[in-house]
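The structure appears right after this line, and notes come after that.
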Amino acid sequence: MTRLSVNVNKIAWLRNARGGSRPDLVASCATILRAGAHGITVHPRPDQRHIVPDDVTRIHEFLTDHPDIEFNIEGNPNAGKADNGYPGFTTLIETTRPHQCTLVPDSEDQLTSDHGWDLKDERTFQSAAAHVRRYQDLGVRTSLFLDPDLNQVKRASELGADRIELYTGPWVDTTEDFGLDSDIANERLAAYKAAADRAIELGLGVNAGHDLNQSNVAKFCAIADIAEVSIGHALVSDALDDGLSTTVKRYLAALDR
């Protein structure tokens, strides 16, 4: 069964909108774990729009009592120290040593992650390889956020990554425009299957994420042996209607299918 890691960025964003400590992020993580989720994901950005460095530390400390629960930190490894107190992505990895870090090539002004790495660019390839080695030396599994491109998958393997995370946003957009079972959506999904199959052939684990929801996650995860999905925005949105615990259980039931 594909493992579910819940991205709690939007819970932190709601707290930050008002200030103070509600909703309490650690209490929300506890609810998520009681409902059966397998991991917690955070994506701390330098502008601290949602997850802040203290959140990363608090969740890390909370999860020390849950050794079977994966902690996944996403972000751009090139994001350095900022004047607002952001310590830099690498510092966060070094101080918390999560089970997994997912390297994402997002810029500081992006609303959300919207593309994978271009590892065909030699400078980008060498930089990513250096970051991967550094984090692996800390004992952290390292995954690269990728578009479903066979050449990019091959390059990810060549630089020594442990996993890739397929950026699923374009497929989800197609399903919403034309229908989940439309020919054009299935054609696009075939490209993801080819990328996942190639990654597995090369010894890479395959994760997936972005815009996956209760309606589409089962179909996507049926394409190959998807190790993990990271879901945040859709899950938290659903939780406004059905409650956080019930929603997590429904996503787990969808993955079980």
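The values are calculated or read from the model by the stated rules, or taken from the named source; none is laboratory data. Source: prediction; values computed, not measured. Methodologically, a virtual Cβ is constructed for each residue, glycine included, from the backbone with ideal geometry; neighbour enumeration extends over all protein chains shown. These accessible areas exclude ligands, DNA and RNA; they are computed on the full protein's heavy atoms, side chains included. Shrake-Rupley method; radii C 1.70, N 1.55, O 1.52, S 1.80 Å.
From Cα pairs below 8 angstrom and at least 6 apart in sequence, can you work out the relative contact order of the chain, rounded to a whole percent?
Value for the chain: 20 percent.
The mean sequence separation of alpha-carbon pairs under 8 Å and at least six residues apart, normalised by the residue count of the stretch 57-111, gives a relative contact order of 40 percent.
Surface composition of the chain: carbon and sulfur make up 47 percent of the accessible area, probe 1.4 Å. Probing with 1.4 Å while keeping every protein chain in the model, the per residue accessible area of the chain equals 45 Å². The lysine pair tally for the chain, using Cα distances under 26 Å and a gap of 8 or more places or different chains, is 9. Taking a ≥ b ≥ c as the square roots of the eigenvalues of the Cα gyration tensor, an a/c ratio of 1.5 or more together with a/b no larger than b/c marks the stretch 149-254 as oblate.
Shape of the stretch 84-199 from its Cα gyration tensor (a ≥ b ≥ c, root eigenvalues): rounded if a/c is under 1.5, otherwise prolate when a/b > b/c, or oblate? Prolate. The stretch 164-196 and the stretch 16-90 have Cα centres lying 29 Å from one another. The accessible-area ordering, largest first, of the residues 233, 115 stands as 233, 115, per a 1.4 angstrom probe.
Give me the net charge of residue 248's neighbourhood, meaning all other residues with Cβ under 11 Å from the Cβ of residue 248; Lys, Arg count +1, Asp, Glu -1.
Summing Lys and Arg as +1 and Asp and Glu as -1 gives +1.
Look at (i) 79, 55, 33; (ii) 47, 43, 34; (iii) 65, 40, 37: the one that is Cα extents along the principal axes in Å derived from this structure is (ii).
When only Cα pairs below 8 angstrom with a gap of at least 6 residues are kept, the stretch 1-112 shows a relative contact order of 24 percent.
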